[in-house]
Amino acid sequence: MTKLVHVERCDGIAIVRIQNSPVNALSAQVRGDLYNALQSLSKEEAIVGIVLAGSGRGFSGGADIGEFGGPAGSFRAGEDPARVTALIEEIDKPVVAAIHGFALGGGLELAMGCHARVASAQARLGLPEISLGVIPGAGGTQRLPRLVGVSKALEMMLSGRPINGKEAALIGLVELVVDDDPVSSAIRLIKNRQAGDGVGHATRFMQVPGAGKDNQAEIEKARSRATSMGAKSKAALKVIECVAASVGQSFDEGMALEREAFSQCLESPESAALRHVFFAERAAGKLDTPGASGVGKISTVGVVGGGTMGRGIAMSFANAGIPVRLLELTEQKANTAVEAIRLEYQRQMDRGKLKAAEAAGRSALIQAARNEGEIGLCDLVVEAVFEDMQIKLEMAQRLGRACRDGAIIASNTSTLDIDRLAQASGRPADFVGLHFFSPANIMRLVEVVRGKGTSANTLATVVEVVKRIAKVPVITGVCWGFVGNRMLEPYLREVESLLLEGASPSQIDHAIEGFGMAMGPCRMMDLAGVDVVAKVVEEQAKEGRLPEDPLYRIVSRHLASVGRHGQKTGEGFYRYEGRVAADDVDTHSLVQAMAARHDVKQRQDISSEEIVERCMLPLINEGYRLLAEGIASRSSDIDVVWLTGYGFPQALGGPMYHGERLGAAHLLKRLSHYGSTQGNIWNYWTPAAMLAAHAGGNP
Ligand code: 3H9
């Protein structure tokens, strides 16, 4: 078996390097190899000190998350995850961690178990376990408070946010911060110690700093914050319990508590879901078909359209340091959009989210284009004009002519046929869909829509640039609405059916938010604009895509037709006082009248369970259809779309993961139940063939 830890001896100092690409995860084998290497070095007389480092991109990305769920080598096999740090503390030679790149989770815990730490200024140090629904399980909850105090330790562990080397030095997490190679500085630190300069002590013997009363107050404050952390609440409360033990109990007692709490978190369904989310996000950008001969370099981006979407898209690229030219119908309109973006950056600066230099730098990267010729020189041009097929077809044609050879042309349509647009451009190989979500500068999801003719290089290049702008690319095929909006359609259909049957908007939103969605569907439609929502339905009607069901989405269409456009007009599904939504008797009367006209019997007994099931089942069912059609290539891709684009609860891992937990047989049974109670109009409740097949194999 290849050794994952490499030892080099140099002038009495041993340099122990973890070599487990890509992130030096501390797998069972790495922990074993580390233990053996350190134990044997502790006995070598010629060795006076040990430097612990990582090879490649960083020190260590922490425990191997892939091992958390499996039996082989997993922490459940009974191994003490803190065995290596316990050994280091027994070694009577200085062991110094030299941190470059990143030291995260178990990686930072390993470093904290050393006698001292040297970090490069740009290195990122953190305990992000909370994002996986677990707590630091290798002594982090006991050593971090001893090194940096209760308040900072809680902040780092509850937010999961890493800090850089400089900040780490300021708070006492590392002894030395350097601009060059931390390994040479660690060696110097050990050698100076021989000259009597001193190197730190084992952290376990330190006292948690600060007065007991202040620490207690911090712990109480954290407790109240933890209860509202959704999927992360359970782990957050365990972190706090362990930190409280670091103050009031012995190190060994704290370690025992931490170990127990770590195991409990690891077994929780929330952690399983969050780990699924971690790997799903990383898998989403993976190309399923080889064939790209190279990833093109995107150095400049053109954006066509200076509306809300166009501006947000321009900002997304500028935020990552990529220069943008923005084209509008007239130069004056383009200047207006650029000025609006400058004001937005200014606002972010005023709110303390950006430094003045950052705001100025980002603004300067976005300039108005005078004509298509200027846009045509860019490496990538994203069209974000009005969502209307004729307008988009015309724009695709113009961009096909204007863009230089080798440039990529992308449409930001949220529903329209990318293949028709690609054809209109005359350059299908260069054409792709890039569906950003609103507000584009904030939302992380981008659906990358691969047309029939999109070349492998075009696809690989846009996936790379989407990652570069810190967004999550999910590759989809071409169909109406791609993955997200196509699944949204049956979800909203049921929302409107429930309204007709007598549920109120707040009753529906309450049930769906109780399920965990970030926002209930009625509030969401009011925020997006009921007119916008209704227009999407009307466009489908024009294309003959709607089911022949007289009740199909009639509520939103009717509300839009009477001017109830949502939050922006003060009334939609709700009535608004500012942004506060309240159920409205007028909506109630309108919907009641509609129900009477169409002979829909209203009832009082609609439960939250029914609301959740009727909204979620068709959504999951549609997900199976998308998989079978090859529009989505992985079920985890569908999860990522709903988690990052629609506020699906992380604790449930995404609709497909949730569906799998419920079980195919259960889904089938409930679909059949609603098929008989609701009437299976237009096969609304017919299970997708793939789902039925799953249930057949797993009754
Ligand atoms: C922990 O440490 C518990 C402890 O308390 C101990 C308990 C006993 N394990 O993100 P990237 C893979 S919990 C396994 O695209 P980047 C990742 O899946 C852990 N695999 O790179 C991907 O694989 P693939 C606490 C991991 O440069 C590849 O590495 N630590 C791990 O954008 C590249 O990843 C964390 O939560 C891992 N720990 O970012 C840190 N980490 O190529 C999690 C990554 O097959 N990791 N992979 O798709 C990160 O935050 C980022 O990966 C990192 C690099 C910043 C390190």
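The table below lists the values:
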quantity: Sequence-separation-based contact order of the stretch 174-246, relative, with Cα cut under 8 Å and 6+ spacing, percent; calculated: 19
quantity: At least 27 Å along the helix axis (C-alpha) and Kyte average at least -1.0, DSSP helices within the chain; calculated: 608-629
quantity: Protein-only accessible surface order, largest first, of 191, 234 at 1.4 Å; calculated: 234, 191
quantity: Over the chain, relative contact order from alpha-carbon pairs under 8 Å, at least 6 apart, %; calculated: 9
quantity: Inter-label distance, nm, simple model (7 Å from Cα along the C-beta direction), residue 55/residue 343; calculated: 5.6
quantity: Part-to-part distance (alpha-carbon centres) for the stretch 106-126 and the stretch 247-270, which is given in Å; calculated: 21
quantity: Of 286/355; 353/471; 238/467; 234/471, those spanning more than 24 Å from alpha-carbon to alpha-carbon; calculated: 286/355; 238/467; 234/471
quantity: Heavy atoms of residue 527: accessible area, 1.4 Å probe, square angstrom to 10; calculated: 100
quantity: Chain lengthening between residue 225 and residue 569 when straightened (0.36 nm per residue, less Cα-Cα); calculated: 120.3 nm
quantity: Efficiency of FRET from Cβ geometry, residue 180 and residue 527, R₀ 60 Å, rounded to 0.05; calculated: 0.75
quantity: Length added when fully stretched, residue 353-residue 467, from 0.36 nm per residue minus Cα-Cα; calculated: 38.9 nm
quantity: Approximate spin-label separation residue 545-residue 336, in nm, with each point projected 7 Å along Cα-to-Cβ; calculated: 3.0
quantity: Residues whose placed amide H lies under 5 Å from that of residue 434, excluding near-sequence neighbours; calculated: 411, 412, 413, 449
quantity: Probe 1.4 Å - accessible area at residue 501, Å² to nearest ten; calculated: 20
quantity: Semi-axis lengths, Å, the stretch 410-546, gyration tensor of Cα atoms, sqrt of 5 times eigenvalues; calculated: 31, 18, 11
quantity: Value of [θ]222 nm, deg cm²/dmol, for the chain, DSSP H segments ≥ 4, -39500 (n - 2.57) each, nearest 500; calculated: -15500 deg cm²/dmol
quantity: Per residue solvent-accessible surface (Å²) - the stretch 358-427, probe of 1.4 Å; calculated: 42
quantity: Accessible area (Å², per residue) of the stretch 224-273, counting only protein heavy atoms and a probe of 1.4 Å; calculated: 44
quantity: Sulfur and carbon atoms: percent of accessible area, the chain [1.4 Å]; calculated: 53
quantity: Calculated FRET value between residue 282 and residue 596, using beta carbons and R₀ = 45 Å, to 0.05; calculated: 0.30
quantity: Amide proton proximity set for residue 99, modelled H, under 5 Å, gap of 5+; calculated: 118, 119, 120
quantity: Cβ-derived FRET efficiency at R0 25 Å, residue 678 paired with residue 561, nearest 0.05; calculated: 0.45
quantity: Ellipsoid semi-axes in whole angstrom, largest first, where each is sqrt(5λ) of the Cα gyration tensor of the stretch 317-429; calculated: 29, 14, 13
quantity: Listed residues 467, 232, 93 arranged by accessible area, highest first, probe 1.4 Å; calculated: 467, 232, 93
quantity: Cα→Cβ-extended label distance, 7 Å offset, between residue 583 and residue 263, nm; calculated: 4.8
quantity: Solvent-accessible area of residue 178 with every protein chain in place, 1.4 Å probe, in Å² to the nearest 10; calculated: 20
quantity: Residue-span extension gain [residue 394 to residue 11] - 0.36 nm each, minus C-alpha spacing; calculated: 130.7 nm
quantity: Rounded accessible area per residue of the stretch 507-573, 1.4 Å, Å²; calculated: 42
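The values are calculated or read from the model by the stated rules, or taken from the named source; none is laboratory data. Here the structure is a predicted model, which means the values were calculated and not measured. Backbone-built Cβ (ideal geometry, glycine too); neighbour counts: all protein chains shown. Surface areas here come from the heavy atoms of the whole protein model, side chains and all, with no ligands, DNA or RNA. Shrake-Rupley method; radii C 1.70, N 1.55, O 1.52, S 1.80 Å.
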